Amino acid sequence: MIKMRGQQLHILKRLVRRLSRPLAHGILAGAAVLVISSLGLFYVWHSAREVQLDAVRTELAQLARIAAIRRVGIGAFAAVALMSVLAGIVVLRLSRTAQRVQRAQAASRAKSELLAVMSHEIRTPISGVLGFANLLLDTPLNPEQREFAETVQRSGDALLTVINDVLDYSKMEAGRMTVEQIDMSLQSVFDGVRAILQPAALERGVVMNIEYDTRLPQYIKGDPVRIHQVLLNLAGNAVKFTDHGSVLIAAQEIDATHVKISVTDSGFGISEEQAAKLFQSYVQADTSIGRRFGGTGLGLVISKTLVELMGGEIGVLSRPGAGSMFWFVLPLQAGTPLTHAAAAIEVAAPEEEAARVQAAAPVAVGGPVEVAARPQLLLVEDNFVNQRVALYMLAKLNYQVDVATTGVEALERLSKTRYQLILMDCQMPEMDGFEATRRIRDRGSAMLDHEVPIVAMTANAFPEDRVRAIASGMNDFLSKPVDQATLSAVIEKWLGAQGRAAASPVQSADGIPVRAAATAS
């Protein structure tokens, strides 16, 4: 037994010895395979993990981009919302501003319409008062009666001056004061102002002189109407506030681009403190001045506004007891000679219009026209008092006159009778003067003379009324009240024009075209 076991052990040992080397090799090989497999599996796992991590990173990046886009979108939405709110606020404010502007414009239009109505309604009775006062002064009167009539005339003229100042100031406040740039003769404006003020100056023993710098061009660019208005105000004050001595109107070239216009008087003068207040509304240097000389205190304010609208400046130099010098400086630009001897007829006092119209005769070609000894005129006027005033004046001037109270009646008369001139009111019932004039100028109408001179004679006193009258076909414009000298000058201007046949339009010095009259066939 023991021997058998030993043999078995020996056999086992031999088997072990025979099998140990390949087994070791196999075990080693298996171990190697196991290691390699483990490494491969680890690589595969690691690669898969990296892929997963990359996917996670990509997803996270996408999520980050999405979050960023979302933030940007939210910011953009907030910005758009904010801009929409701001735009809404702006639109609301603009809408409210537009409404305020519309209301302001409506108020301005209403104010302008009120001013036009006031001007017409006030001037109409004043025209009758002054007209009959002037007619009364032409009749034989005893000294007491003449004093009364002259007082009525002076009071009416003063009232008219106040009305003009108030209307100009209202226009200035409404922003409706305008200026223009046309060719003009500054020296002619000086002469016109002196012609208007000369009678008052002689009555006060004041000598009026003019000095015109020879270096200045004969014609300049400017607004003759507004310059005339400013200069007349300054020179009128100088004459009014000078008891004796002289008043000098001067123009001096400062440089190539500026001209200085001054009015120097030898009156009582004012202090620096008083001078500083002169260009304020409703202010006079001395409160006693208003009581002594009258006036609204608006003239210098209006003058200052006009000068500034023309691109200039205005001022005063004065000492008590040594007189005053009022001056204004305007841009200087050489103009061209006027092709027609014409002068502006602006809304102004009757004596001012009379002085201006003397040089306003149109220039036309052809020989002189012989006018009948008593030319026949047509007066179109609906107000009875103003009819009587005009008829008396025209009778004194030796004219034959027919009267029409409306535009319709005027057209009926013109379809049957030829007249040498028409004096046309603008505001009338049934048909106003503008429409009547348009129908007269219409070649297709039944009028016998489509080129008859038509002169507006109306209580409408604004410059735009004159523009409207000329645009409708009228030849000239007079604002009421009109005195006899002015009326005579305007009628002679048109009836004495050379060659009424086929005359071309003429332009006045204020840039508004004036129709030249043509001879009736």
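Here, each number is a calculation from the coordinates, and none is a lab measurement. None of the values given here were measured: they were computed from a predicted structure. No Cβ is skipped: glycine too gets one built from the backbone with ideal geometry, and neighbour counts run over all protein chains shown.
Using the Karplus curve 6.51 cos²θ - 1.76 cosθ + 1.60 with θ = phi - 60°, what ³J(HN,Hα) values do you get for each residue of region 474-486, in whole Hz, with x for Gly and Pro?
With the stated coefficients, region 474-486 comes to 6, 8, 8, 9, 10, 9, 6, x, 10, 8, 5, 5, 5 Hz.
Setting aside same-chain residues fewer than 8 positions from residue 240, which aspartates and glutamates have a Cα under 12 Å from its Cα?
Residue 240 reaches 203, 265.
Using the C-alpha gyration tensor of region 201-262, what are the square roots of 5 times its eigenvalues, in whole angstrom, with the largest one first?
25, 13, 9
Which cross-chain or sequence-distant (5 or more) residues have an amide H under 5 Å from the amide H of residue 335, H modelled 1.01 Å from N in plane?
219, 220, 221
Which whole-Hz ³J(HN,Hα) couplings does region 122-136 yield from phi under the Karplus relation 6.51 cos²θ - 1.76 cosθ + 1.60, θ = phi - 60°, glycine and proline marked x?
7, 5, 4, x, 4, 4, x, 4, 5, x, 6, 5, 5, 5, 5
For the pair residue 106/residue 253, report the inter-label distance in nm, with labels modelled 7 Å from Cα in the Cβ direction.
5.5 nm
With labels modelled as points extended 7 Å from the Cα through the Cβ direction, what inter-label distance (nm, one decimal) is found for residue 398 paired with residue 412?
Placing both labels 7 Å beyond Cα along the Cβ direction yields 3.3 nm.
Which of 228, 258 comes first, and how do the rest follow, when ranked by fewest Cβ neighbours within 10 Å?
By the 10 Å Cβ count, ascending: 258, 228.
Label residue 51 and residue 93 with points 7 Å out from Cα along Cα→Cβ: what is the distance between them in nm?
6.3 nm
Using 0.36 nm per residue, how much length does the chain from residue 385 to residue 58 gain when fully extended, once their Cα-Cα distance is taken away?
107.4 nm
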